[in-house]
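The values are calculated or read from the model by the stated rules, or taken from the named source; none is laboratory data. The shown structure was predicted, so the numbers you read here are calculated from the model rather than taken from an experiment. Virtual Cβ from ideal backbone geometry, glycine too; neighbours counted across all protein chains shown. Ligands, DNA and RNA are stripped out before the accessible areas are found, and what is left, the full protein with its side chains, is counted by its heavy atoms. Shrake-Rupley method; radii C 1.70, N 1.55, O 1.52, S 1.80 Å.
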Amino acid sequence: MTSNSNNAATTTTTAAQAYPNLQQTIQEIVDTGVVGLHLRVDDEQGVWVGSAGRSVLGEPATPPINGRVRIGSNTKTFLATLVLQLVAEGKIALDTPAVDYLPRFALDPRITVRMLLQHTSGIFNFTGEVYEDGTTAPGVVAWGGKEWVDNRFRTHHADDLVRLALAKPARFEPGTDWSYANTNYALAKLLIEAVTGHSLAEEMQRLILGPLGLSDTVVPETSTEIGGPHAHAYYRYDDAGVEKTVDVTAQNPSWISSGGDMISTTEDLHTFISALLSGTLLPAPLLAEMLTPETKVGYGLGVFVQKTATGTVITHNGGHGGHAALMYSTPDGTKTMTAALNYVDDADLSLAVAFQAATQRLVEEVFGAPAGAV
């Protein structure tokens, strides 16, 4: 793990001049309660990297500038890209009913592959739902508190997660609304495996990780370890009236499945999103389909399409269990911002507001203020 003086070693002079306040900004973000943060900006002027906070609670080292991190829902962008690559190979059609590829599930025949990737299927989210009136429905996988801590090494099978979610009432008629559901991407994983006859990890290696040389990006399946340099993740919970904070860096990520199980680095995330948006991974018509957002929240196929005062950014962020990752890019892939955070998570997601504020601040400094901001 590197010291703070070494964390900026690869920053180019021109990049440092372009982002003079970023180191102070990430330190201020850490001061809001995040354990540690490392940030990378790549553009035509070079590379800016910085790190602040702690890699391990109680120890002085800052997070390693290219440490591995559990990237959470950034996994969805990888999955959507892989599905679209299989569309390009003629193995999948976006507007074919998903049940045609996965007849073992009782899927509504109106649900297409496109709806899975765009979260317009209406399928229940197996990690739990928060409805627009503020009410909630618990997930089929226990997330939160002592129960999750005690069971974090348990193996969950994607088939079981899907079946349990399908036993719950749908949120809406397929294609009539938008609602984020990890179940959609568990189905995408199973669909990939059904049409190729190979595991998701094998297909990810064949079409994305291998061609791009992403040696620090992993589809962990049931593996509990991160491997390589990494900052540590923590979870706080109540145990019979006693508050405890435990290191949950090691866990079996099958509980989130392909909704958010992958591991990567800020450099690999930069390489991936830049290659994707520059047209290296997908034919132009399919990339255009990916970047065409639905109207409710601006979600394309595995990516959010967001407006800023200076243009548009393509993004997906993710986080769970004390790790989080940010991934932003201009639509042509020439300017990217990627980040990894480690923090103390809890069942109440008490850092959520600070996380959103920190993310917005970084986007404003790197890409410009949001459209309409004063």
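Which log10 I(q)/I(0) values, to two decimals, does segment 97-178 give at q = 0.11 Å⁻¹ under the Debye formula with one point per Cα?
Normalising to I(0) and taking log10 leaves -0.34.
Can you tell me the accessible area per residue over segment 158-229, all protein chains present, probe 1.4 angstrom, in square angstrom?
Accessible area per residue, segment 158-229: 42 Å².
Return the loop-located GluC sites (Glu not before Pro) in segment 5-106 (DSSP other than H, G, I, E, B) with at most 13 other Cβ atoms within 10 Å of their own Cβ; answer none if there are none.
Loop-located and lightly packed - Glu44, Glu89.
With the contact rule set at Cα under 8 Å and sequence spacing of 6 or more, what percent relative contact order holds for segment 229-310?
So the answer I get is 12 percent.
Compute the separation of the alpha-carbon centres of segment 169-195 and segment 297-348 and state it in Å as a whole number.
Distance between centres, Cα-based: 21 Å.
Which of the aspartates and glutamates could be linked to Lys189 by a straight reach, that is with a Cα gap under 14 Å, when you skip same-chain ones fewer than 8 residues away?
Correct list for Lys189: Asp159, Asp160, Glu202, Glu203, Glu221, Asp261.
Given a 1.4 Å probe and every protein chain left where it sits, what share in percent of the accessible area of the chain is carbon and sulfur?
Solvent-exposed carbon and sulfur of the chain make up 52 percent of the total.
Among the lysines, which have Cα under 28 Å from the Cα of Lys244 when same-chain residues fewer than 8 positions away are ignored?
Counting by Cα, and skipping residues close in sequence, Lys244 has these lysines nearby: Lys146.
Using the heavy atoms of the protein chains and a 1.4 angstrom probe, tell me the accessible area per residue for segment 289-374 in square angstrom.
Heavy-atom accessible area per residue stands at 38 Å².
How big is the dipole moment of the chain about its Cα centre under a simple scheme where the beta carbon of each Lys and Arg is +1, that of each Asp and Glu is -1, and everything else is neutral? Debye, nearest 20, please.
Computed charge dipole of the chain: roughly 260 debye.
With the contact rule set at Cα under 8 Å and sequence spacing of 6 or more, what percent relative contact order holds for segment 1-142?
16 percent
Between Gln17 and Asp100, what length comes free when the chain is fully extended (0.36 nm per residue of separation minus the Cα-Cα distance, one decimal in nm)?
Contour length minus the Cα-Cα distance gives 24.5 nm.
Considering only C-alpha atoms, what is the centroid distance from segment 122-143 to segment 24-86, in Å?
Using only Cα atoms, the two centres lie 28 Å from each other.
If contacts are Cα pairs under 8 angstrom and at least 6 residues apart, what is the relative contact order of the chain in percent?
For the chain, the relative contact order is 23 percent.
Report the Cα centroid-to-centroid distance between segment 88-120 and segment 217-240 in angstrom, as an integer.
Value for the Cα centre distance between the two parts: 32 Å.
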